[in-house]
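Step one of this worksheet: look at the structure below.
The values are calculated or read from the model by the stated rules, or taken from the named source; none is laboratory data. These numbers were taken from a predicted model, which means no experiment stands behind them. Here the Cβ is made from the backbone with ideal geometry for all residues, glycine too, and neighbour counts use every protein chain on show. Just the protein is used for accessible areas: all its heavy atoms, side chains included, with ligands, DNA and RNA removed. Shrake-Rupley method; radii C 1.70, N 1.55, O 1.52, S 1.80 Å.
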Amino acid sequence: SGSTAQDQPGSMAQDQSGSMAQDQPGSMVQDQSGSMTQDQSGSQTVKVIGTGHIINENISNARKNAISDSLVTAVGMVATNLLHQMVVVESFKDINRLLLSDAGNFVQYKILAENTTGQTYRVMVAATVAVDKIRDLFTQNGILVENRTPLKVLLLIAEKQLGNSSYQSWWHDPYTDSVSEAALATALSSQGITVLDHGQFLPAELEASLAAGGELPGAQLSNEQAVAFGQAYQADVVVVGLASTEQAPNSMGNELKSFKGMLSIRAVRVDNGDLLAESTRTCLTADADDSIGSHSALTEAGTRTGALLAGQIQSAWQKAEVTGPASITVVVKGGYQLAHFVAFRRTLSEIPGANNLQTQSITPDGTTLQLEYEGTAKELAETLLLKSFSGFGVNITEASADTLRLSLQPDLPRGSLNN
């Protein structure tokens, strides 16, 4: 059994890495050699070598630094094995702050061998890393999001390839080959997201709905149009955007030309139209062949965007699911008739999803109510507009993120929204 590590390095030295010998194929990152075993208790044991420099003949301190270096290496290897490579790169600042600067809290170790060569002290340790603890840390901080039920995503990417004057999309031509969409789909799928196959034909109800509008929507879809597509395909999220590629100015004679791939996307929740994430990314590649170079630029843009978008979508979705009812303030302007206010308050309390309705204050200027609602203030406002009241109506003057302001007006036949 190992002892709990007390040495906590401040940072991970870039020129020092542990070396390893493979025991179990497939359980280790491919670009490092090493030995890693996993048990059923949510931990992995890694054999690593750490290095410390002997300064002013202080061997004890060098040994301590060598142990710390080996533990950072072990924890870092296990941590990066949990994440997509691009997530590691983009989130490295947070990974370093949350995990690597406190590596000793995630590992137990046993020293297998140690030796001094010149001014260098090396140790070989068997480090048992708490994988579940790291996974929990990443999940709590939005670096890793794991959903029991994979999200279903529909991609709506219009693409303009090199030499084309206009954008092409699958909803206009089902045989359109979108390079960036294919790369984006692969990256999202690798992170546990289900990317829906749009097939060669539009669903009948969607085609009928679009035909009623006179023509198919263009390449630049609005959120409302994208949500309509998502509903027809029974998606949880739609990812809509534009991709394009062009030749960049840099070149090396006739041997190499540079190409720029651009992808701008936004992810929209289908059930309520909320924006979950948005991103714009530009990637550069070089090749002697125009087709290969431009396709590589689009592929790189799709891959990099997808690697980060997956975590953003899942994190935003999870936060929305965990957050629960929203606390909403309803301010009723003064001057109302008491009977009208009583009827309004009763109707408000009976709206599905509305709970814990309380009166916060009563002044000559108005009455402030507080309630919990399974939705947004805007959704609550839209629900109120559909209600009929006897002898009065509701005039909503503001519907912000968490506040409604309204007045009760006699003889107003139905609610109105004035923003």
If we ask which residues in the range 214-268 are among the aliphatic types (A, V, I, L, M), in contact (Cβ under 8 Å) with a residue 40 or more places away in the chain and either surrounded by 16 or more Cβ atoms within 10 Å (Cβ to Cβ) or within 24 Å of His295 (Cα to Cα) (or both), their number turns out to be 15
I'd like the residue in the range 146-178 that is buried (at least 20 other Cβ atoms within 10 Å of the Cβ) and in contact with a Gly (Cβ under 7 Å, 6 or more places away or on another chain) and, out of all such residues, is nearest to Leu276 (Cα to Cα). Leu154
Tell me, which residue of the range 92-133 that is crowded, with 21+ Cβ neighbours inside 10 Å and without any contact (Cβ under 8 Å) to a residue 60 or more places away in the chain is farthest from Ile49 (Cα to Cα)? Ile95
Residues located in the range 258-312, provided they are among the aliphatic types (A, V, I, L, M), within 13 Å of Leu184 (Cα to Cα) and part of a strand (DSSP E or B): Met262, Leu263, Ile265, Ala267
Are any of the residues in the range 309-319 modelled with pLDDT under 90 and open to solvent by 60 Å² or more (accessible area, probe 1.4 Å)? yes
Taking Phe201 as the residue in question, decide whether it is open to solvent by 60 Å² or more (accessible area, probe 1.4 Å), touching a residue at least 12 places away in the same chain (Cβ under 8 Å) and over 17 Å from Thr299 (Cα atoms). yes
